[in-house]
1. Tell me the residue from LEU160, LEU207 that is buried (at least 17 other Cβ atoms within 10 Å of the Cβ), over 21 Å from the mean Cα position of the chain (by Cα), farther than 17 Å from GLU104 by Cβ and assigned by TED's automatic domain parsing to the domain that holds ALA122, please.
2. Among VAL315, VAL320, which is the only one that is part of a helix (DSSP H, G or I), over 30 Å from VAL170 (Cβ atoms) and in the same structural domain as GLY188 (by TED's automatic domain parsing)?
3. Give the residue, chosen from PRO398, PRO406, PRO349, that is out of contact with any helix residue (DSSP H, G or I) (no Cβ under 8 Å at 6 or more places or on another chain) and free of Cβ contacts under 8 Å to residues at least 60 places away in the same chain.
4. Which of the residues that make up region 163-188 are within 18 Å of LEU220 (Cα to Cα) and surrounded by fewer than 19 Cβ atoms within 10 Å (Cβ to Cβ)?
5. Would a scan of region 385-392 turn up a residue that is in contact with an Asp or Glu (Cβ under 9 Å, 6 or more places away or on another chain) and charged (D, E, K, R)?
6. So which of ALA258, ALA238, ALA267 is on the phi < 0 side of the Ramachandran plot and modelled with pLDDT under 90?
7. Residues in region 381-402: is at least one at pLDDT below 90 and outside any loop (DSSP other than H, G, I, E, B)?
8. Test of understanding: among PRO305, PRO300, which residue is under 24 Å from the mean Cα position of the chain (by Cα), over 13 Å from LEU358 (Cβ atoms), free of Cβ contacts under 8 Å to residues at least 24 places away in the same chain and in the same structural domain as MET341 (by TED's automatic domain parsing)?
Amino acid sequence: MSQGPVERMLTTDDVARVLGVKKATVYAYVSRGLLASRRHGGGKESVFRETDVRAFAGQRRRAGTSFDGSETPVTHTGITLITGDRLYYRGFEATALARRESYESVASLLWTGRLEHAAFGADSNLRTVAAAVTGPLPEAACLTDRLRVIVAAAGATDPLRFDTSPAAVVATGRTLLDTMVAALPSLGSEPRVPGGFPLAGALWERLSAAAPTEDGIAALNAALVLLADHDLAASTYAARVAASTRADPYAVVSAGLATLAGPLHGAASGLAVEMLAIAIRTGDVVGTISDRLRSGGSVPGFGHPLYSGVDPRAVALLDVTAKAGDDEQALSVIADVAEAMRSRAGIEPNVDFALAALSLLTGMRPDAGETIFAIARTAGWLAHAMEEYANPPSRFRPTARYAGRPPGE
């Protein structure tokens, strides 16, 4: 009676070579139940079926996991697509949404997949708590510092914050966003402009002392829509890592806010505001750019690694912003700065440049851009959290390569 082919067995050294790892890593895979081994009949050495090892290798490559033990799982998302120079939210082009839809509608789209305007729920008790905890902060405290305090206090106040079901997260998001805006100090006493952008109207009073206009509110709403999500940006990745540990939605937003604070992320528009303000005051566009380069820095507000040409968010926001301000000289200088960088360096403005232009042309606070970014991206963080809650927990577990002093030295 003929027998089938003999299964080839691999030693631990063989497996380490196939996977490109150390023997200790192979043992770690075995201890975690990821790879099956058996004792060799002639000794103490473990052996592995070659088919099992090859299958494991293919599985780990598909999962995006490196064999040195550093987990980098591929994140599948149905929220945002960036392709070429276009940005889509659940199949809808973001620039088109920014021209016609409210931020509230786009938040609903990100959270539920349905493009429908749903008013954000106000909670008077939560507003009172948020006002109480931010009251002692100095007047000089930036608005995003206040937002971090507001979110932490809101989480501590909500006894049901650990409910991570989709419906609960949506309800939390709507109430939290209302509270984040309402608890910021108001700068103006002008009546709100009636229209379909209520959150943008409420936020305007916190960012600018200038009387609101329909074009101004529309531009601010467009900025909120365009910044609502942007794939796995650093703050969104941090939010997903928090959600993977089953942190509550408030903690997820806190993780996003903490990461957003860096000057290379959410605070980048502040650097562009400073540069544009100098160019507007002096009228010397080339000199302003030259000073930035001479000091060893880059020119803020230009270029983006995810777009091959133009940042579509910048194009759309600059377009609506041009209608929101009446300072023709400032608008001309801003356009000249963009053209100078385009013609001399071949680099297009990004959304941080457009945020800076919006802030300057509408008389907003210097930190308005970072505040708009933080509030807008809260919708995206919570959308990604809902996706992550549906994934296996604690997916993100990188392993460090120790490079310090060897033990015993």
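1. Values: LEU160 fails: buried (at least 17 other Cβ atoms within 10 Å of the Cβ).
On inspection, the qualifying residue turns out to be LEU207.
2. Only one candidate qualifies: VAL315.
3. Numbers: PRO398 fails: free of Cβ contacts under 8 Å to residues at least 60 places away in the same chain; PRO349 fails: out of contact with any helix residue (DSSP H, G or I) (no Cβ under 8 Å at 6 or more places or on another chain).
After ruling out the rest, the residue left standing is PRO406.
4. PRO185, SER186, LEU187, GLY188
5. no
6. On the way: ALA258 fails: modelled with pLDDT under 90; ALA238 fails: modelled with pLDDT under 90.
It is ALA267.
7. Filtering region 381-402 for residues at pLDDT below 90 gives 391-402.
If we keep only those that are outside any loop (DSSP other than H, G, I, E, B) as well, we get none.
No, the conditions are met nowhere in region 381-402.
8. On the way: PRO300 fails: free of Cβ contacts under 8 Å to residues at least 24 places away in the same chain.
The conditions single out PRO305.
The values are calculated or read from the model by the stated rules, or taken from the named source; none is laboratory data. Treat the numbers as computed from the prediction; the structure is a model and nothing was measured. Neighbour counts run over all protein chains shown; Cβ positions are idealised from the backbone, glycine included.
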